[in-house]
Amino acid sequence: MDYLFQPVDLKTGLVAYLVSVSVVLVLVALVVPIQHFGQLQGFGNESNEELGGFSLLIGISFQSISSAAILLSALGAIAEASIAMASALKELIEQTPDLDRRDLYRDGVEIGGKIMGTAYNTLFFGFFGGYLALFIWFIELKYSPSLLINDKLFIAEAASVLVSMIAVTLTVPLTTFLMVHWQQKFQISSK
């Protein structure tokens, strides 16, 4: 059972960390316009009754809170995809030291496709699982598709899932690129 809980080695962790930071920086540049043009801050009409007695003057802009929530939601998917890719490719490098860069990149793309597929499923089902009650409520209130698309709660969560999917899509090739680029360093450390 020792093999189940081995810590990530330093070089694999470094690649995953560098990829995660790089993708988050790209997402910051992406989230700001999405946030601005999507007007995702604030509360939806569904929250009016619950918020009636509370002060909404909390001293922090709703736009900042919404942007931070989107980035934090994406960070879990980024970290998971980058560590899964880096670990898989490190294992591949150690097991087949004669593998050239082109073959390693091709194998990385194949592994990455499977990781992206499971990450997308996780994001998709997490979205619907977390908002199942809200969807039932929308159906009972007979929301039209146009009302649903214009609902702040729905659009904010859909934007979060979309940004997370973009993050995973960026993470996989970037991790593959770094691992292929640093292939010789991993081979030296495994001997």
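The values are calculated or read from the model by the stated rules, or taken from the named source; none is laboratory data. Owing to the predicted nature of the structure, the values given are computational and were not obtained by experimental measurement. We place every Cβ from the backbone using ideal geometry, glycine too, and count neighbours over all the protein chains shown. Surface areas here come from the heavy atoms of the whole protein model, side chains and all, with no ligands, DNA or RNA. Shrake-Rupley method; radii C 1.70, N 1.55, O 1.52, S 1.80 Å.
Below are the figures for this structure:
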read-out	value
Options D151, D100: the member that is of a type in the set (D, E) and under 27 Å from V32 (Cβ atoms)	D151
Within segment 135-191, helices (runs of 4 or more DSSP H) holding 2 or more residues that are modelled with pLDDT of 90 or more	152-181
First in segment 107-135 and closer than 23 Å to K152 by Cα and in contact (Cβ under 8 Å) with a residue 60 or more places away in the chain, second anywhere and charged (D, E, K, R) and open to solvent by less than 50 Å² (accessible area, probe 1.4 Å), Cβ under 8 Å, 6 or more apart	L134/E46
Complete set of residues in segment 85-106 that are under 13 Å from F177 (Cα atoms), without any contact (Cβ under 8 Å) to a residue 60 or more places away in the chain and open to solvent by less than 60 Å² (accessible area, probe 1.4 Å)	D103
Residue within segment 15-37 that is at pLDDT 60 or above and over 24 Å from A79 (Cα atoms) present	yes
Per-region count, segment 63-84, residues open to solvent by less than 60 Å² (accessible area, probe 1.4 Å), free of Cβ contacts under 8 Å to residues at least 40 places away in the same chain and among the hydrophobic types (A, V, I, L, M, F, W, C)	2
